[in-house]
Amino acid sequence: RLGLRPAHPALGAGTTPVWSVSIGQGEGRRNRITAEPVSAGGLIYTMDSRARVSAFSLSGDLVWSRDLTPPGTRNVDAASGGGLAVGNGMLYVTSAFATVQALDLRTGETVWSRNFDALVTAAPMVDGNRLFFTASDSTAWSLDAMTGRTDWQVSGAPSPAQMVGGAAPKVAGNLVLFP
């Protein structure tokens, strides 16, 4: 459910939800919601624990919803994990189906989509016309945010701890910092 859940002690105990709405499948034993909601242009974007991305108005009305499960996928439990980022009039979505997609903010239609050899469960980061993210095989990627074409990739040291989710890259001056 999407609503106001105080996550910081400075908000105090007196906060009350203005509205709440179901965003789809909740968390379960095998599936987790790792995507933080993002907003732009008067809409709030969410991803549930089964790779359903939705856009809601600021009053909680559903504007559009898309199931990003690839056709022919038999194991929907593989959907756990992914992230969202907004930029250039697009919603960028990473998923545990080893895909990165750019969706139109207003309609949810696919602008471009890429498949990778490893899960992409951490949130992406947009900086200008570049999209940055890391895959579960410890590879850092930079894509052209408008086309999805690879700018560069760098392999990191593999980690035996295959965590679901993760921190998005950050930009510091001319550097891109990967977690």
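The values are calculated or read from the model by the stated rules, or taken from the named source; none is laboratory data. What you see is a predicted model, and the numbers here were worked out from it, not measured in a lab. Cβ placement follows ideal geometry from the backbone for every residue including glycine, while neighbour counts extend to all protein chains displayed. These area figures cover heavy atoms from the full protein model, side chains too; ligands, DNA and RNA do not enter into them. Shrake-Rupley method; radii C 1.70, N 1.55, O 1.52, S 1.80 Å.
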| If amide H atoms are built 1.01 Å from N in the plane of the peptide, which residues on other chains or at least 5 residues away come under 5 Å of the amide H of Val63? | Ala55, Phe56, Ser57
| request: Distance from a point 7 Å along Cα→Cβ of Val86 to each backbone N in the stretch 127-141: keep the residues under 20 Å and list them by number. | output: 127-133
| With the other protein chains left in place, how much accessible area per residue, in square angstrom, belongs to the stretch 40-159 at a 1.4 angstrom probe? | 42 Å²
| said: Could you derive backbone 3J(HN,Hα) for the stretch 48-57 from the dihedral phi with the Karplus parameters 6.51, -1.76 and 1.60 (θ = phi - 60°), listing whole Hz in sequence and x where the residue is Gly or Pro? | reply: 7, 6, 10, 6, 9, 9, 9, 10, 10, 6
| said: Please report the carbon-and-sulfur percent of the accessible area for the stretch 58-111; probe 1.4 Å, protein heavy atoms only, DNA, RNA and ligands left out. | reply: 49 percent
| field | Integer Hz, Karplus 6.51/-1.76/1.60 couplings in order for the stretch 137-150, x for Gly and Pro | value | 8, 6, 8, 8, 10, 10, 10, 5, 5, 8, 10, x, 6, 6
| task | Estimate the FRET efficiency between Ser65 and Ser155 by the formula 1/(1 + (r/R0)^6), using the beta-carbon distance for r and 30 Å for R0, to the nearest 0.05. | result | 0.25
